[in-house]
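Visitor: Shown below is the structure under consideration.
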Amino acid sequence: PLANARAMVPHLHVVEADEKADAKLLEGIADWCDRFTPFVALDPPHGLFLDLTGCTHLFGGEKQSLTHIRDSIGKQGFVVGAGIAGTAAAAYALSRFANGTIAEPGNEAEALAPLPVAALNCDLKISHALRRAGLKTVGQIALRNRSELASRFGNEFVFRLERTLGRSEQPINPLRPVPDFIVERRFAEPIM
């Protein structure tokens, strides 16, 4: 592919990937993103998860929050894809295949239905097998019987599909643990 690219663009400037520097940069961006929410998690090698629960009203709602975050990171010279959904797997799919889409909680399956099989972020062999079987969109796969999918592609694929459709969740680990707040008030007399 590099030889082909150079044949098409003779003056192509090529730089070798530096995975350690990329990981450090991603952590720096994650630290910077804590201005939007205290719950920021890495999705290596190129992504972040921001749990915006309870924070979107600070920026004028979900749509304004999404626009503000994309624009703020984009002004720093990065290409940003973003999506909002009730689960991390659904947000991943939307950010990469339907940039700027907001799926209301419980309606992830509808928002994801027209997306290609690659939105499931599954193994390339499984994606290829699904396309060969005529299943080209997430919606077509979602209509299939789960036992049939599990017997052909394994239980992990079915769990991934359910998470992507918003029917189950896999927790994400924030870079910084969210602090526990405790409030206590002692009264002189028992209160009923």
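Visitor: Suppose the chain between Thr67 and Arg186 were pulled fully straight at 0.36 nm per residue; how much longer would it get relative to their current alpha carbon spacing?
Guide: Taking 0.36 nm per residue and subtracting the Cα distance, the gain is 38.3 nm.
Visitor: When we measure straight from the Cα of Lys75, which lysines land under 25 angstrom away, once same-chain ones fewer than 8 places off are left out?
Guide: Lys20, Lys24, Lys63
Visitor: Also: Quick one: Debye curve from the C-alpha atoms of region 1-48, no solvent, what's log10 I(q)/I(0) at q = 0.15, 0.26, 0.29, 0.31 Å⁻¹?
Guide: So the normalised log intensities work out to -0.57, -0.89, -1.00, -1.08.
Visitor: Additional query: Output the relative contact order of region 1-105, whole-number percent, from Cα pairs under 8 angstrom with separation of 6+ residues.
Guide: 14
Visitor: Determine the share of the chain's accessible area contributed by carbon and sulfur atoms, expressed in whole percent, with a 1.4 angstrom probe.
Guide: That fraction is 55 percent.
Visitor: For Lys125, which lysines qualify as cross-link partners when the Cα separation must be under 23 Å and same-chain residues fewer than eight apart are set aside?
Guide: Here the lysines satisfying the reach criterion relative to Lys125 are Lys136.
Visitor: Assuming R0 = 25 Å, what is the FRET efficiency of Lys136 and Asn99, from their Cβ-Cβ distance, to the nearest 0.05?
Guide: According to the calculation, E is roughly 0.80.
Visitor: Same structure again: Given a 1.4 angstrom probe, what's the average accessible area per residue across region 126-190, in square angstrom?
Guide: Per residue, region 126-190 has an accessible area of 77 Å².
Visitor: Between the DSSP loop rule and a limit of at most 13 other Cβ atoms within 10 Å, which chymotrypsin sites (Phe, Trp or Tyr not before Pro) in region 29-102 are left?
Guide: Phe78
Visitor: Can you show me the helix-derived [θ] at 222 nm for the chain, built from DSSP H runs with n ≥ 4 at -39,500 (n - 2.57) apiece and divided by the number of residues, rounded to the nearest 500.
Guide: -12000 deg cm²/dmol
Visitor: Can you give the percent of C-alpha pairs in region 118-171 whose distance is more than 18 Å?
Guide: Counting pairs separated by more than 18 Å, the tail of P(r) holds 20 percent.
Visitor: Find, to one decimal place in angstroms, the Kirkwood hydrodynamic radius of region 39-190, where the mean of 1/r is taken over every pair of different Cα atoms and then inverted.
Guide: Mean inverse Cα-Cα distance, inverted, gives 17.2 Å.
Visitor: Here is a follow-up. Counting other Cβ atoms within 10 Å of each Cβ, which GluC sites (Glu not before Pro) in region 1-79 have at most 16 and sit in a DSSP loop?
Guide: Glu16
Visitor: Working out 0.36 nm times the residue gap between Leu2 and Phe78, then minus their Cα-Cα distance, what length gain in nm do you get to one decimal?
Guide: Stretched out fully, the Leu2 to Phe78 stretch lengthens by 25.1 nm.
Visitor: With viscosity set to 1.002 mPa s at 20 °C, what whole-number translational diffusion coefficient in µm²/s follows for region 80-131 from Stokes-Einstein and a Kirkwood radius over Cα pairs?
Guide: It diffuses with D of about 193 µm²/s by this estimate.
Visitor: Something else now. Let's see if you can work this out: charge +1 on each Lys and Arg Cβ, -1 on each Asp and Glu Cβ, no other charges. What is the dipole magnitude of the chain about its Cα centre, in debye to the nearest 20?
Guide: 700
The values are calculated or read from the model by the stated rules, or taken from the named source; none is laboratory data. Please read these numbers as outputs of a predicted model, since none were measured by experiment. Cβ: placed from backbone, ideal geometry, glycine included. Neighbour counts: every protein chain shown. Ligands, DNA and RNA are stripped out before the accessible areas are found, and what is left, the full protein with its side chains, is counted by its heavy atoms. Shrake-Rupley method; radii C 1.70, N 1.55, O 1.52, S 1.80 Å.
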